[in-house]
Amino acid sequence: MNDHSRTIIHLDIDCFYAQVEMVKDPALKHQPLGIQQKSIVVTSNYVAREFGIKKCMPIPEAIKLCPNLVLVKGEDLYEYRKMSQQVFELLSQYSQFVERLGLDENFVDVSELVSKRIGDDGYSNLKGFVYGDGNSFDCDCGCHERLVIGSVIAQQMRDCILENLQLTTCAGIAHNKVLAKIVGSCNKPNKQTVVFPNSAPELMISLGSVGKIPWVGHATEELLSSLNITTVAELQNCSKYQLEKVFGKEKAENILNLSFGTDESPVKLKEKPHSYGLEDAGKPLVTEQQVEEKFKEFSKRLLRLLTEDGRVPKVIKVSLRRHNLALPMGDPKESRQCPFNADLSNEAHIVAVAMSLFWKAVDKRQPFKIAVLGLGFSKLVERPSSKRTLLGFLQRNNADEIKPEKLQESSHRFQSSCQCPPGVDKGVFAELPLEVQQELWDDYKRKEDGFKDAKRARKTGTLLDFVVRSKT
């Protein structure tokens, strides 16, 4: 028998982008609202949907259906990311196991909280809708009681989000992730639904197409179609051996399990992003000024994200795709990247580096037509502690001046550290962290060896320059 011990809530924010805009401007609440990205309406509020507006509808078609449609630019995701993080933080008050799916969906494993609420007053009456027959239930593992309690907790979560952020949400409650995600879509907007294990087969069959099973993507759907499997019922009744020949043993078993609503995957804590990047595939760029303006726009948006993240990038990357009428998607995408150690507050320097990378991919002497342009940062690392930086060292010693006897002691300890560059006080040098000593020595060696590589050439403002100038 499947494990029913968990209680999983899938929470989906109704028309998320549109709701964020309506929270910012309440006057939009009762107007047909569409969120515009390039030439399409990526989403809309429910007022607009009554006119037939659908996701990813071309703007001319949307305007034809709803002449009074209010369009708000939604290409800058900053406000949406910010609101998404606030939702995540509220949900984290109920469980440490919260998994984000994009910006508007979250899984929450509330099993631990449910176990604490068993027998408590106010947790015995189910909240919301029930999919299928919730009465004829013959499982004696206690899952019925746990899911009822889960429905109460889901309602509390949704009330909390509405009260604090003015966002309405939908929720699905089940004993695993795939069922919670599916059943949450059964009653929308601003509603919640529970599915008990006995109704799982009925829920899965109701999907019809295999493409509606979560995590069965388009490529998998195409391969299943090649096996004459297009419905969930056909997938449930197919030969496992037939699937294994196409997908391999592990994936075949996973697909088959999902078709029956079986999913043992845990709610995973999402790690911080490994990179941040933006791309624009709008009107082709044909001048240096247009490219530079686009990099300025990217820089502003990326710097806000990096500031909130708190980490610093070590690599900057520019990507582009040239316009080519002979190819529907344009030329293959190209990219150039280099180490990045500049001050993140210096937007002009970021743009200058981005332009230099752009010109490494594009011949400045020839006309160009860029269909897609992107800028990104990667290899994010934690900001160094002030105790481990030269600034921190100087600040500490500014408050507590180094005494001659301490310098003498440092000179003895210096014997076991890096070699001190000429012109630098050995006592001061010995007080520096080892990695800073190494950086000073590397600066000196690059100067001495006359290293000419533009990527690493020594510039004024290096640690070595500062220490030598300070001494003199």
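The values are calculated or read from the model by the stated rules, or taken from the named source; none is laboratory data. Small disclaimer: the values here were computed from a predicted structure and weren't measured. Neighbour counts are summed over all protein chains in view; Cβ atoms, including those assigned to glycine, are modelled from backbone coordinates with ideal geometry. Side chains are part of the model used for accessible areas, which takes the heavy atoms of the whole protein and leaves out ligands, DNA and RNA. Shrake-Rupley method; radii C 1.70, N 1.55, O 1.52, S 1.80 Å.
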task: Evaluate the following for Val210: is it in contact with an Asp or Glu (Cβ under 8 Å, 6 or more places away or on another chain) and modelled with pLDDT of 95 or more?
output: yes
message: For segment 180-195, which positions are more than 24 Å from the chain's Cα centre (by Cα) and either open to solvent by 50 Å² or more (accessible area, probe 1.4 Å) or over 27 Å from Pro26 (Cβ atoms) (or both)?
response: Val183, Cys186, Lys188, Asn190, Lys191, Thr193, Val194, Val195
field: Residues of segment 116-164 classified as under 31 Å from the mean Cα position of the chain (by Cα) and free of Cβ contacts under 8 Å to residues at least 24 places away in the same chain, total
entry: 3
task: State whether the residues of segment 105-124 include one that is at pLDDT 95 or above and closer than 30 Å to Pro60 by Cα.
output: yes
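Looking only at segment 363-385, which residues are surrounded by fewer than 18 Cβ atoms within 10 Å (Cβ to Cβ) and in a loop (DSSP other than H, G, I, E, B)? Break it down into steps so the answer makes sense when it comes.
Filtering segment 363-385 down to residues surrounded by fewer than 18 Cβ atoms within 10 Å (Cβ to Cβ) leaves 363-367, 369, 378-379, 381-385.
Residues satisfying the conditions are Asp363, Lys364, Arg365, Gln366, Pro367, Lys369, Arg383, Pro384, Ser385.
So which of Val20, Val47, Val41 is of a type in the set (A, V, I, L, M) and touching a Phe, Trp or Tyr at 6+ places or on another chain (Cβ under 6 Å)? Talk me through it step by step, then tell me what you get.
Values: Val47 fails: touching a Phe, Trp or Tyr at 6+ places or on another chain (Cβ under 6 Å); Val41 fails: touching a Phe, Trp or Tyr at 6+ places or on another chain (Cβ under 6 Å).
Criteria check complete, one pass: Val20.
Would a scan of segment 141-152 turn up a residue that is among the polar types (S, T, N, Q) and either open to solvent by 10 Å² or more (accessible area, probe 1.4 Å) or out of contact with any Leu (no Cβ under 9 Å at 6 or more places or on another chain) (or both)? Walk me through it before giving the result.
To start, the set of residues in segment 141-152 that are among the polar types (S, T, N, Q) comprises 151.
Then drop every residue that is not either open to solvent by 10 Å² or more (accessible area, probe 1.4 Å) or out of contact with any Leu (no Cβ under 9 Å at 6 or more places or on another chain) (or both), which leaves none.
Within segment 141-152, none of the residues are among the polar types (S, T, N, Q) and either open to solvent by 10 Å² or more (accessible area, probe 1.4 Å) or out of contact with any Leu (no Cβ under 9 Å at 6 or more places or on another chain) (or both).
Can you tell which of Leu113, Leu69, Leu91 is of a type outside the set (D, E, K, R), open to solvent by less than 60 Å² (accessible area, probe 1.4 Å) and farther than 13 Å from Ile9 by Cα? Break it down stepwise before answering.
On the way: Leu113 fails: farther than 13 Å from Ile9 by Cα; Leu91 fails: farther than 13 Å from Ile9 by Cα.
Unique residue meeting the criteria: Leu69.
Test Ser95 against the criterion of being among the small types (Gly, Ala, Ser) and within 22 Å of the chain's Cα centre (by Cα), and give yes or no.
Details: among the small types (Gly, Ala, Ser): yes; within 22 Å of the chain's Cα centre (by Cα): yes.
Judged against the criteria, Ser95 is a match.
Would you confirm, using the coordinates I've provided, whether Lys283 is in contact (Cβ under 8 Å) with a residue 12 or more places away in the chain and either open to solvent by 60 Å² or more (accessible area, probe 1.4 Å) or aromatic (Phe, Trp, Tyr) (or both)? Even if it seems obvious, please write down each step before you answer.
Details: in contact (Cβ under 8 Å) with a residue 12 or more places away in the chain: no; either open to solvent by 60 Å² or more (accessible area, probe 1.4 Å) or aromatic (Phe, Trp, Tyr) (or both): yes.
No.
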query: Taking segment 286-326 on its own, how many of its residues are open to solvent by 20 Å² or more (accessible area, probe 1.4 Å) and more than 17 Å from Pro273 (Cβ to Cβ)?
result: 17
- line: Residue pairs qualifying under the 6 Å Cβ cut-off, at least six apart or on distinct chains, with the first in segment 359-379 being more than 13 Å from Phe298 (Cβ to Cβ) and the second being outside any loop (DSSP other than H, G, I, E, B) and open to solvent by 60 Å² or more (accessible area, probe 1.4 Å), are Lys360/Arg336; Ala361/Arg336; Ser378/Ser275; Lys379/Lys314
task: May I ask you to list pairs of residues, at least six apart or on different chains, whose Cβ atoms are under 9 Å apart, with the first in segment 78-105 being under 15 Å from Pro273 (Cα atoms) and the second being of a type in the set (Gly, Ala, Ser) and open to solvent by less than 40 Å² (accessible area, probe 1.4 Å)?
output: Arg100/Ser84; Gly102/Ser84; Leu103/Ser84
statement: Going through segment 24-43 in order, the residues found to be surrounded by fewer than 24 Cβ atoms within 10 Å (Cβ to Cβ) and more than 22 Å from the chain's Cα centre (by Cα) are Lys24, Asp25, Pro26, Ala27, Leu28, Lys29, His30, Gln31, Pro32, Ser39, Ile40
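If only one of Ile40, Ile53 is touching a Pro at 6+ places or on another chain (Cβ under 8 Å) and closer than 25 Å to Gln192 by Cα, which one is it?
Numbers: Ile40 fails: closer than 25 Å to Gln192 by Cα.
From the options Ile40, Ile53, the qualifying one is Ile53.
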- request: Could you tell me which numbered condition Ala352 fails, if it satisfies all but one of (1) open to solvent by 60 Å² or more (accessible area, probe 1.4 Å); (2) farther than 30 Å from Gln96 by Cβ?
  value: (1)
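Going by what's in this entry, would Asn198 be described as surrounded by 15 or more Cβ atoms within 10 Å (Cβ to Cβ), modelled with pLDDT under 95 and not β-branched (Val, Ile, Thr)? Can you show your working first?
Details: surrounded by 15 or more Cβ atoms within 10 Å (Cβ to Cβ): yes; modelled with pLDDT under 95: yes; not β-branched (Val, Ile, Thr): yes.
Yes, satisfied.
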query: Can you find even one residue in segment 326-348 that is in a helix (DSSP H, G or I) and over 24 Å from the mean Cα position of the chain (by Cα)?
result: yes
